[in-house]
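Here, each number is a calculation from the coordinates, and none is a lab measurement. Nothing here was measured: the structure is a model prediction, and the numbers come from that model. Counting neighbours? That spans all protein chains shown, and the Cβs are built from the backbone with ideal geometry, glycine included.
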Amino acid sequence: MDRIASAQPLFRLWIASYANWEPQRWNEAPPEAVALEPVADTAYTEREATVFLEGFNTAMLSGDRPLWAVAVPVALRYEGDVQAGAVVRGHVFADQATASPA
């Protein structure tokens with residue numbers, strides 16, 4: 001089963017800055033943080049998020065920069081998707097074998 005279609009929780013991972021906080025373990029979350037940038041433009045499973053947070057935040061524990069990776073729970077929705085029985089017109093993709101070079 002595709003991970004996006006599964007019932008397991010999904011997370012977006014963000015690199016965030018924080019102030020007035022001293023983390024002790026990789027799996028802590030700052031009481032308040034400011035999101036700086038997403039890790040990637042995708043959603044992660046709990047296992048994938050845990051692996052990234054453990055590696056990134058463990059590295060940050062030994063440094064002096066106030067950066068921390070945080071996992072934000074998300075729900076994916078498919079805007080514009082159809083329901084079974086609807087009349088549809090699919091997108092036509094170019095045939096790579098006959099497409100002219102750009």
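Highest mobility in the GNM of the chain, judged by mean-square fluctuation with C-alpha springs under 10 Å and restricted to 16, 43, 86, is found for 86.
R0 = 41 Å: FRET efficiency of residue 37 with residue 87, Cβ-based, nearest 0.05?
0.50
Shown is the FRET efficiency for residue 78 and residue 48, computed with R0 = 22 Å from the Cβ-Cβ distance and rounded to the nearest 0.05: 0.55. Comparing 77, 25, 65 in a Gaussian network model of the chain, where Cα atoms under 10 Å apart are tied by springs, the biggest mean-square fluctuation is seen for 77. Springs between alpha-carbon pairs under 10 angstrom, Gaussian network model over the chain: which of 63, 80, 55 fluctuates most? Comparing 63, 80, 55 in a Gaussian network model of the chain, the most mobile one is 80.
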